[in-house]
Every structure is written in structure tokens, then in C-alpha cells.
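Shown next, in C-alpha cells, is the structure this report addresses.
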Amino acid sequence: MFKITLSLVACATLVASLEAKDLTFDPIVVSASKTEQSLKNITSDTNIITAQELEEKHITSVIDALRTLGNISIAQSGGIGQQSSFFQRGFSSENTVVMIDGIRYNDPTSTKGQGQLEHLMVNDIERIEVIHGAQSGVWGANAVAGVINIITKQATEKLQMAGNLEYGSYATTKAAANISQKLDAFSYYFGANQLKTNGISALTPRNQNPKNYESDGYLNQTLNAKLGYDLTSSDTIRAQMSFIDAKIHYDGYDPFTYAPLPNSTGNEIHQINRLGNLGYRHTFNANDYIDATYAVTTFDKKDPLGYTTAFKGSNKELNLMGTYHYASNASVIAGVNTLHSKDILGAYELNSKGLFATNTNTIENFVITESIRRDSYDSFKNKTTGKIGGKYFFEDDITLSTNYGTAYRTPSLYELYAGYYGNPTLQPETTKSFDTTVQYKHLSLTYYNNRVTNLIGYNPITYINEQVAGTSKLKGYEVRYNQNITDTLTLNLAYNKLSAKDKDGNYLARRPHETTTGSLSYFPTNKLSLTTNASYIGSRYDNAAQTIQTGRYTLLGAVINYDATDTLTLYVRGDNLTNKLYQEVDEYGTAGRSVYIGLNAKF
């Protein structure tokens with residue numbers, strides 16, 4: 001059973017263009033159209049990270065889960081919990097919309113409106129959907145690089161309890177538990193987890209070892225709850241809540257010389273994020289329904305010592321949408337939404353209203369999808385965006401899919417209004433995106449090309465955010481291979497070659513020019529498995545001048561799982577086994593060789 005589970009996980013991480021008959025199951029994806037679709041009918045290039053993969057690899061955070069994908073690179077300013085950035089096909093974090101069960105997780109108080117993925121733990125996650133390419137025609141503003149949609153676990157039909165305990169390097173402890181059940185019309189899921197670590201030094205001089213400096217710890221306590229009630233056989237109401245309480249130690253700087261102080265103590269940021277929604281759905285038949293949701297997120301950051309600025313902001317979003325199958329092979333999805341984002345302490349806000357529709361037709365071996373969206377703003381000109389995608393299933397296990405879309409990123413509240421640096425005259429950046437994927441059995445090749453205009457940049461002379469004339473170009477290709485070589489051996493490989501340049505042809509900072517990830521899983525018995533993984537980060541520079549190198553390294557890891565009983569699994573995980581000294585952000589440390597032992601229990 002263990003072998004079968006992980007083999008399915010390998011299949012689930014394939015691109016969306018994979019032909020259905022190559023899958024032992026037909027995964028459901030929400031992100032591509034805002035409603036559930038089978039993977040084989042999605043034209044957009046898609047990655048899925050399942051709960052099984054997260055559990056078998058014993059991944060801790062969403063940031064670490066994304067590291068397993070070759071088309072998303074990570075730059076974290078220190079160890080777990082420290083501030084992070086991610087680059088989806090070369091786009092920086094603010095160009096990706098992050099959703100958790102339909103709740104927007106992009107932080108309106110951050111400098112560019114990016115999501116705080118470093119505080120998201122994976123214990124209660126069912127799957128992570130990553131949709132690549134311009135998606136503003138479906139999701140609106142800031143879905144330029146794509147969408148990361150996190151789906152949390154649902155209530156089980158019968159009473160189920162699960163737990164996880166882990167201990168390892170840097171005095172890291174992890175404890176998690178959940179319980180769920182469906183009782184006639186009522187269903188519930190409750191999850192709680194805590195991660196605590198002494199961590200490593202956040203600030204670490206270049207070419208120095210973090211262990212030679214004071215450690216910066218991290219504490220994360222997360223609660224998740226889902227409730228549902230079937231009013232009738234056709235009507236369901238639901239409610240959801242997530243509460244994240246994180247404390248992050250950090251290193252400061254000398255107030256006079258601005259020199260980094262890697263041994264500074266007592267600096268702590270207290271971050272509290274709250275997410276919640278209320279929803280109602282009426283189903284007409286097995287395929288058609290209307291759905292209404294009201295969602296709220298709040299982000300509250302405090303520094304008890306006052307070394308960093310306090311921030312408090314919120315998103316309030318109302319969505320109404322429905323789907324209608326007007327033929328056996330044709331459907332339309334349409335809806336409206338309003339979004340109110342606010343910097344509460346600064347009293348700045350941004351309001352928008354959107355209308356959207358997506359049409360899908362399947363004609364024999366051909367799938368075509370068209371999306372269009374109109375957004376109106378109180379601060380910018382109205383925006384109309386769209387997307388069209390097609391997929392054709394040839395004979396001999398060959399699939400070809402192509403997508404073209406337009407997208408835009410609105411200026412963040414910080415870019416518009418922050419002190420001396422803000423510029424309220426800023427207008428959205430605009431992007432044209434194209435990609436095509438050819439799939440043959442277990443091997444796929446994707447080419448993507450994005451052109452960004454009206455870029456928002458920081459003027460080093462005036463210190464003010466300004467619109468930059470010219471076109472930035474982000475393009476590249478990906479190769480993926482996923483195969484069960486034998487009944488006991490599974491291989492996954494991904495390679496990404498990226499060219500991300502500004503209007504002057506200079507490479508953008510912190511994007512590796514090439515990335516390779518791979519894993520090999522071996523199952524000598526039904527109870528025992530061994531997985532080895534490797535990742536290579538190619539040339540990557542921390543500055544626009546391309547003088548500070550933070551790439552050109554390989555990391556190795558391994559996981560051993562043993563099913564002691566039907567309900568208890570013991571495991572050992574090793575990271576950075578060669579004890580490689582490297583940095584993702586210049587002068588910020590990373591963990592050395594690390595070993596963790598733990599157990600999972602399900603009842």
C-alpha cells in the first residue's frame with residue numbers, strides 16, 4: 001500500500017497537460033477556473049503537491065514545499081520563519097495571488113503586497129495547487145505569474161484522529177494533532193500544531209558559518225477549524241477559521257554605522273494572522289451550482305522593542321459565482337467579486353469590483369478555454385484582462401497545450417502612500433504571457449515567455465517609486481520527467497532554465513539562471529521506503545550589478561519511513577547532508593547538516 005501511495009504522489013506532480021490515461025486517478029483542481037475541474041481538462045501548466053507527498057517527505061512549511069518545484073525559487077533571509085521571497089518563473093512574490101480555501105492571503109501592509117508563506121505550516125493541508133502563467137482573466141489583479149491555491153483538509157466520513165511528533169537539529173520540536181468527522185448533516189475538522197526551534201543566526205557574514213553567531217529562534221502556533229452543515233440535500237453552509245501566532249527573533253543593525261550585528265539579542269517580531277470565511281452553496285445537479293462567500297484576513301505585526309515598524313492590515317472580499325453546463329461537453333463559470341484592502345494603521349485603502357466569466361468546450365480530443373474579466377478601481381483606470389488556452393490529445397500518448405493571457409499588478413499601498421517614498425500617481429504594471437507544453441508519456445517540455453511593461457521601480461536619486469518605461473522579459477523552458485521505473489523504484493526530475501532581464505537587458509536579482517530538482521524513491525518492502533532528493537541552484541546574483549554570487553551549489557537530503565503498524569509510522573529526515581555552506585540572500589545564514597526523527601499516528 002505504501003508503494004502505491006507514493007506512486008500516485010509522483011503522478012500528481014505532473015503538469016496539467018498529462019494525458020488522463022497515464023494517471024491512476026483523475027485529480028481535481030480548483031485554481032484554474034475558480035471551480036473544480038479534472039486535471040486532464042485544464043490547459044494551464046499546473047503543479048500539484050498532495051498531502052501524501054507532504055507527509056512522506058515530512059515537509060514542514062509551504063515555503064519548503066515550493067522548494068521541491070523546479071519552476072519556483074526561494075530566497076529566505078535566515079532559517080525557518082524568517083522573511084522570505086519566492087520567484088515563480090522569475091516573477092517576484094507580489095506577482096502571485098495566494099489563496100487558502102478561497103481566502104486571500106496576500107498581505108496589504110507588505111512593501112509590495114506579497115503573501116507571508118514563511119508562516120504557513122503544512123500539517124492541515126490537503127494539496128497545494130500551483131497554476132503558472134497570467135491568470136488575471138480569472139483571478140484579477142496580481143495573478144501575473146500565476147496562482148498558489150492551498151486547499152486544507154476536509155472532514156472525514158468516520159471519526160479520524162491523527163498526530164505528529166518530531167525532534168531534531170537546532171533543538172527543533174514539532175507537535176501537531178487533528179480530529180475530523182461527518183455526523184449526518186454536520187461536519188467538522190479541527191487542527192492544531194506548534195513548531196519551536198532555536199534556529200540559526202539570521203544575519204551571517206558572507207562565507208561565515210551561522211553556528212559561530214547567536215541563534216535566532218522561531219515559534220509558530222497555528223489553529224485551523226472547518227465547519228459545515230447541510231441545510232438540505234442541495235444547500236450547504238460552511239465556516240472556516242485559521243489563526244497563526246508567530247514569534248521571530250531577528251538580528252539588528254548598528255543605528256549609527258548601519259553595520260549588521262549578527263550577535264544582537266532581544267529583537268523579536270510578533271506576527272498574528274487571522275483568516276476566516278462564511279459560505280453558502282446551492283447545487284442544482286451534480287455539476288451546476290451557485291456559491292457565495294465572504295472572506296476576511298488580517299495581518300498584525302508588532303515589535304515589542306520598537307526596532308521595526310508595526311503594521312496592521314486587512315482584506316475583505318465578497319464573491320458570488322456560479323457554474324452552468326449548457327451541453328455535455330461545454331460549461332461556463334461566471335461571477336462578481338468586491339475586494340477591500342486596507343492598511344489600518346496608515347488609514348490607506350484600495351477598493352475594486354470585478355466581473356468574470358470562463359467558458360470551456362471539449363470537442364473530441366480538443367479542449368479550449370476562454371476567460372475574460374473586467375475590474376474597476378477607485379484609484380486606477382479600469383482593467384480588462386483575458387486568457388485563452390487549448391489542449392489537444394494526439395495518438396501515441398502525446399499532448400500539446402498552449403496558453404496566452406494578459407495580466408496586471410496594482411501598486412501596493414506602500415508603493416502608493418508610504419511616507420516620502422510613496423507615489424499616488426502610480427498605475428498598474430501590465431504583462432503579456434505565453435506558454436506551450438508538449439507531453440509524451442512521462443516526459444514534458446514547457447516553454448514560457450512573459451513581457452512586462454509600465455514596471456514600478458525605485459528611483460535611487462529621488463527615493464520615490466516611479467513608473468519605468470520599457471519592457472522587462474522573463475522567459476525560459478522547463479523539462480520534467482516522472483516515472484515508476486520498477487515496482488519498487490520511482491524517479492522524479494525537473495529542470496528549469498530562466499532568463500529574467502529588465503528593460504536594459506540586465507538580469508534581475510535573486511533569480512537563479514537554472515534550477516534542477518530530483519528525487520529517487522526505493523521501496524524494499526511494503527513497510528520500508530527510502531527517498532533521496534537533490535537540488536541544484538545555478539548562477540544567482542543578489543544585486544542588479546551581478547557582483548554578489550549566491551548560487552552554484554547542490555543540496556542533498558534523504559528520508560526513511562517505516563510503517564511500524566497500520567496506524568504508526570516512524571521516520572528519519574536529513575537535510576543538507578553534505579553540510580554545504582551557502583546563502584540564499586547575501587549575508588543571511590542557512591541551516592547546515594540537519595537530522596530530524598519523528599512519528600506519525602492515525603486512528
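Please find the FRET efficiency linking T578 to E214, where r is the Cβ-Cβ separation and R0 is fixed at 25 Å, and quote it to the nearest 0.05.
With a Förster radius of 25 Å, E is 0.50.
The fewest-to-most ranking of E56, E466 by surrounding Cβ atoms within 10 Å reads E466, E56.
The modelled label-to-label distance for the pair A357/E36, using points 7 Å beyond Cα in the direction of Cβ, is 2.5 nm. Ordering of 116-124, 228-236, 444-452 by packing is 116-124, 444-452, 228-236, highest average first (other Cβ atoms within 10 Å, averaged per residue).
Report the relative contact order of the chain, percent, no decimals, based on alpha-carbon pairs under 8 angstrom and at least 6 residues apart.
13
Under the simplified labelling scheme, the N543-Y167 pair shows an inter-label distance of 4.5 nm, with each label point 7 Å from Cα along Cα→Cβ. This model, with +1 at the C-beta of Lys and Arg and -1 at the C-beta of Asp and Glu, gives segment 2-602 a dipole about its Cα centre of some 540 debye.
P(r) tail, segment 151-304: Cα-Cα pairs separated by more than 19 Å, 68% of all pairs.
What do you get for trypsin sites (Lys or Arg not before Pro) in segment 543-597 restricted to DSSP loop and a cutoff of at most 15 other Cβ within 10 Å of the site's Cβ?
R552, K580, R593
Stretching the chain fully between L528 and T265 yields a gain of 90.3 nm (0.36 nm per residue, less the alpha carbon separation). Binning the C-alpha pair distances of segment 130-190 at 5 Å intervals from 0 yields a P(r) profile of 4, 14, 14, 9, 9, 11, 16, 17, 5, 0 %, listed from the shortest bin outward. Available extension along the chain between A334 and L491 is 52.5 nm, counting 0.36 nm per residue and deducting the alpha carbon span. Checked against a 29 Å cut-off, the cross-linked pairs K196/K226; K387/K473; K383/K501; K316/K473 give Cα-Cα distances beyond that limit for K316/K473.
Length, then width, then depth: along the principal axes, the Cα atoms of segment 70-174 run 40, 39, 29 Å. Here r is the Cβ-Cβ distance between Y447 and D254 and R0 is 60 Å; the resulting FRET efficiency, rounded to 0.05, is 0.80.
Averaging Cα coordinates gives a centre for segment 558-601 and one for segment 68-136; these two points are 22 Å apart.
The distance linking segment 502-522 with segment 470-491 is 13 Å (Cα centroid to Cα centroid, whole angstrom). Extents of segment 2-602, taken as max minus min of Cα coordinates on every principal axis and listed largest first, are 70, 61, 47 Å. Seen from every direction in turn and averaged, the convex hull around the alpha carbons of segment 426-475 projects onto 4.6 nm². Shown is the FRET efficiency for T308 and D397, computed with R0 = 60 Å from the Cβ-Cβ distance and rounded to the nearest 0.05: 0.65.
With a simple spin-label model that places each label point 7 Å from the Cα along the Cα-to-Cβ direction, the separation between H325 and R274 comes to 4.1 nm. Taking the empirical scaling 2.2 N^0.38 Å for compact globular proteins as reference, segment 478-603 has a Cα radius of gyration ratio of 1.34.
Quick note: the coordinates plus some simple rules give every number you see, no bench work behind them. This one's a predicted model, so the numbers in the text were calculated from it and none came from an experiment. In this analysis, Cβ positions are derived from the backbone assuming ideal geometry, glycine residues included, and neighbour counts consider all displayed protein chains.
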